[in-house]
Each structure stands twice: as C-alpha cells, then as structure tokens.
Amino acid sequence: MEYNADNVFAKILRGEIPSQTIYEDDHALAFYDINPKAKIHALVISKGMFTDYNDFINHSSDDEIAAFSRAILKTAELIGVAKDGYRIVFNTGKNSGQEVPHLHAHILGGEPLSTDL
Ligand code: 5GP
C-alpha cells in the first residue's frame, strides 16, 4: 500500500490536528487515543512515513526499529501501566480492522484486560 499523507496521524505529526502528547523523540510521538478502548489507551506513532507494521519492519533501519520499540516502553512507563501490565497492539492490514494507514502501536492498560482477543 502506498503511503498517503492525508491520514489523521500524518496531520497530527504536522500539527494540523491537536493531540495530547505523552512522549516524543526523533522517531516517535505518543498521545492518548481519542476513543479509548481500555481505562488507559495510548498510541505511539512513527515519525517516518510507514503505512503499517509490515512496511515498517521491511523498510526501516534496525536503529529505527529499536528506537520505536523503546518509545513504546517509555510511553507505557509514562502513562503508568508498565508495572501492572498492558497490551501492545499493532493492527496491520484489512483483516485487523486497521483504520489509520500510518504505523502505530496501541498501548492498553490501567485495568485487567479481556483475554478474549
Ligand atoms: P487502528 O484501528 O488504525 O489500529 O486505530 C486507530 C486509532 O486511532 C483508533 O483507536 C482511534 O480511536 C484513534 N484515532 C482516530 N482519530 C484520532 C484522532 O484524531 N486523535 C486521536 N488521539 N486518536 C484518533
């Protein structure tokens, strides 16, 4: 899938749509999901223009992958879910129901999560 910079997360990165920043570094931006699906629900998005996890892993450097992975944990710590537990979700492609075609990880926590995936 070709990257399309009209998506909502590209607009957030450009500052065209507001978001509540939790964490930011050279590779990633984290903010709260507008429609939380758990008591605490954050999103970590790449600053690079990747459509999804497949695109990211296939086309980014090992340094970018490491940095993005660390940004997810950093965000989990900042929102206070790292100790008690959380779920990381990368919806990828049509069967996953991915809505926004820009790489993002969901971090869900703050309460016991359903084990019914
Ligand atoms: P996906 O289904 O693509 O994995 O998840 C997209 C997520 O982005 C959804 O959980 C949705 O609630 C969230 N979202 C969509 N638009 C916005 C927005 O403008 N701001 C924020 N903070 N989250 C958004």
Every pair of residues 6+ apart whose Cβ atoms lie under 7 Å, when the first sits in region 15-41 and is farther than 16 Å from E77 by Cα while the second is within 13 Å of the ligand (Cβ to nearest atom) and among the basic types (K, R): I17/K11
Test: residue in region 23-42 that is aliphatic (A, V, I, L, M), part of a loop (DSSP other than H, G, I, E, B), surrounded by 18 or more Cβ atoms within 10 Å (Cβ to Cβ) and modelled with pLDDT of 95 or more: yes
Some residue of region 51-70 being within 14 Å of the ligand (Cβ to nearest atom), farther than 19 Å from L13 by Cβ, touching a residue at least 12 places away in the same chain (Cβ under 8 Å) and in contact with a strand residue (DSSP E or B) (Cβ under 6 Å, 6 or more places away or on another chain): no
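Could you count how many residues in region 103-117 are more than 8 Å from the ligand (Cβ to nearest atom), touching a residue at least 40 places away in the same chain (Cβ under 8 Å) and either under 17 Å from N35 (Cα atoms) or exposed (fewer than 15 other Cβ atoms within 10 Å of the Cβ) (or both)?
Initial filter on region 103-117 (more than 8 Å from the ligand (Cβ to nearest atom)): 103, 105, 107-117.
Still in the list and also touching a residue at least 40 places away in the same chain (Cβ under 8 Å): 103, 105, 107-111, 113.
After this cut, where a residue has to be either under 17 Å from N35 (Cα atoms) or exposed (fewer than 15 other Cβ atoms within 10 Å of the Cβ) (or both) as well, the list is 105, 107-111, 113.
Total satisfying the criteria: 7.
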Residue identified as within 16 Å of the ligand (Cβ to nearest atom), touching a residue at least 60 places away in the same chain (Cβ under 8 Å) and in contact with a helix residue (DSSP H, G or I) (Cβ under 6 Å, 6 or more places away or on another chain) among V8, V44: V44
Top-ranked residue of region 75-101 - restricted to ones that are surrounded by fewer than 17 Cβ atoms within 10 Å (Cβ to Cβ) and assigned to a helix (DSSP H, G or I), ranked as nearest to the ligand (Cβ to nearest atom): S96
Index of the failed condition, M1 passing every other in (1) touching a Pro at 6+ places or on another chain (Cβ under 9 Å); (2) at pLDDT 95 or above: (2)
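The values are calculated or read from the model by the stated rules, or taken from the named source; none is laboratory data. Computed from a predicted structure; not experimentally measured. Every residue, glycine among them, receives a Cβ derived from its backbone with ideal geometry; neighbour counts consider all protein chains shown.
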